[in-house]
Every structure is written in C-alpha cells, then in structure tokens.
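Just below is one structure, and these are the notes that go with it.
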Amino acid sequence: MPAPKNQTPTPQVGLGDIRQLAGLLEGEGYFAWRQGGARIVLQMCDEDVMRWANWLLRGRFYSYKRKSGLVVFMSAITGIRAVGWMMTLYQFFGERRKEKIKGILAAWRRRGKAMALRTHCPRGHEYTKENTYLQRKGSRECKSCRRMFQGPRPRLAF
Ligand SMILES: [Zn+2]
C-alpha cells in the first residue's frame, strides 16, 4: 500500500506551547471584559511568532500598518474560548495579570447567574418548558425566536 501523500500530522499542543504563549501574553497581552464578554488580544510585530500564537489560540488574525510604516499583527479571541484560555493560563501569570483575570472570571460567573434567573428571552418570549431548548453548555434558547429565523429570508420590496 502506498504511503499517504501530503499528510501532515495534526500538531499537538504541549505544555511547552502553553508556557510560551503565557510568556507572550504576560508581556504583550490584553485581557478585558467588554460588552458582556471576555476578550484576549495579543499584538506584536513578529509575524512568525504571531502566526504561531494565533494557531494556538485559534483566534482571528489581523494585521495593520502604523503611521511609521511598521506592520503590527494581532490575534483576538472572545467569548467562552477566551474564558477557557484565561483559566488555562492563569497559573503561569504574575500577580497583576492574575488579579485582572480574577475580575473578568467573576464578571463572567455573575453574568451566567443573571442569565439563569431571567424568565423571558431578549425578545420577550417566556422561557416555559415548551418554549425552551436547553443547549449543551447549559444555556437556554427560545424556540419562538429560533422559528423566526427559519424559513426563507424575507425580501425587501423597495
Ligand atoms: Zn424569544
């Protein structure tokens, strides 16, 4: 049987990768709780380092040029994946970063509790047993709202 061609083995993320990423983020990372979500941004001028970091973070990759002509590369992740990374990286950080992340995780937990206490969806439908899907992550989805987005997209008549 011929050997399979062009098969790159799936790269494994190791503890060394995590430590190295933590080092970069300790120095150059930005951690925030913004618009009700967790956010991590890393930006640097080294394209190869940034491509590696973005591969690890599975983030959104951007680049932009400063007035000086310098090109800056960015990797950004938000939401539950940002929360997951904060929990993973926490142990590797210094006190200042730890304090910042503690605050973000506390805000995230508070929001989760507040959401669980809500009796109606953002459009005002009640979360009854019949009208609620329970999602795998434990959050609820309104069936009435889901139906609104099913079917053909309405066409604008003008
Ligand atoms: Zn709804």
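The values are calculated or read from the model by the stated rules, or taken from the named source; none is laboratory data. It should be emphasised that the depicted structure is a prediction, and the values quoted were computed from it without experimental measurement. Please note: Cβ atoms are built from the backbone with ideal geometry, for glycine as well, and neighbour counts cover all protein chains shown.
Brief remarks follow.
- Some residue of segment 78-92 being more than 23 Å from VAL13 (Cβ to Cβ) and either in a loop (DSSP other than H, G, I, E, B) or not small (Gly, Ala, Ser) (or both): no
- Residues that are hydrophobic (A, V, I, L, M, F, W, C) and either surrounded by 16 or more Cβ atoms within 10 Å (Cβ to Cβ) or in contact with a Ser or Thr (Cβ under 8 Å, 6 or more places away or on another chain) (or both) within segment 10-30 comprise ILE18, LEU21, ALA22, LEU24, LEU25, listed in sequence order.
- Count of segment 73-89 residues which are farther than 20 Å from TRP52 by Cα and either out of contact with any strand residue (DSSP E or B) (no Cβ under 6 Å at 6 or more places or on another chain) or of a type in the set (D, E, K, R) (or both): 2
- Residue in segment 105-116 that is more than 30 Å from VAL41 (Cβ to Cβ) and of a type outside the set (S, T, N, Q) present: no
- Residue list for segment 117-134, filter: within 16 Å of the ligand (Cβ to nearest atom) and exposed (fewer than 13 other Cβ atoms within 10 Å of the Cβ): ARG118, THR119, HIS120, PRO122, ARG123, GLY124, GLU126, THR128, LYS129, GLU130, TYR133, LEU134
- Every pair of residues 6+ apart whose Cβ atoms lie under 9 Å, when the first sits in segment 101-128 and is within 16 Å of ALA82 (Cα to Cα) while the second is among the basic types (Lys, Arg) and part of a strand (DSSP E or B): ILE104/ARG39
- Hits in segment 97-136 (condition: among the charged types (D, E, K, R) and either modelled with pLDDT under 95 or within 30 Å of ARG147 (Cα to Cα) (or both)): ARG109, ARG110, ARG111, LYS113, ARG118, ARG123, GLU126, LYS129, GLU130, ARG136
- Scanning segment 75-85 for residues that are of a type in the set (A, V, I, L, M, F, W, C) and crowded, with 18+ Cβ neighbours inside 10 Å returns ILE77, ALA82, VAL83, TRP85.
- Scanning segment 109-151 for residues that are acidic (Asp, Glu) and part of a loop (DSSP other than H, G, I, E, B) yields one hit, GLU130.
- Test: LYS98 is over 30 Å from GLU28 (Cα atoms) and more than 14 Å from the ligand (Cβ to nearest atom): no
- Segment 30-41, residues that are in contact (Cβ under 8 Å) with a residue 24 or more places away in the chain and assigned to a strand (DSSP E or B): PHE31, ALA32, TRP33, GLY37, ALA38, ARG39, ILE40, VAL41
- Among residues that are free of Cβ contacts under 8 Å to residues at least 60 places away in the same chain and outside the structural domain of ASP46 (by TED's automatic domain parsing), TYR62 is not included.
- Filter result for the condition that a residue is surrounded by 10 or more Cβ atoms within 10 Å (Cβ to Cβ) and within 27 Å of the chain's Cα centre (by Cα), over LYS113, LYS137, LYS143: LYS143
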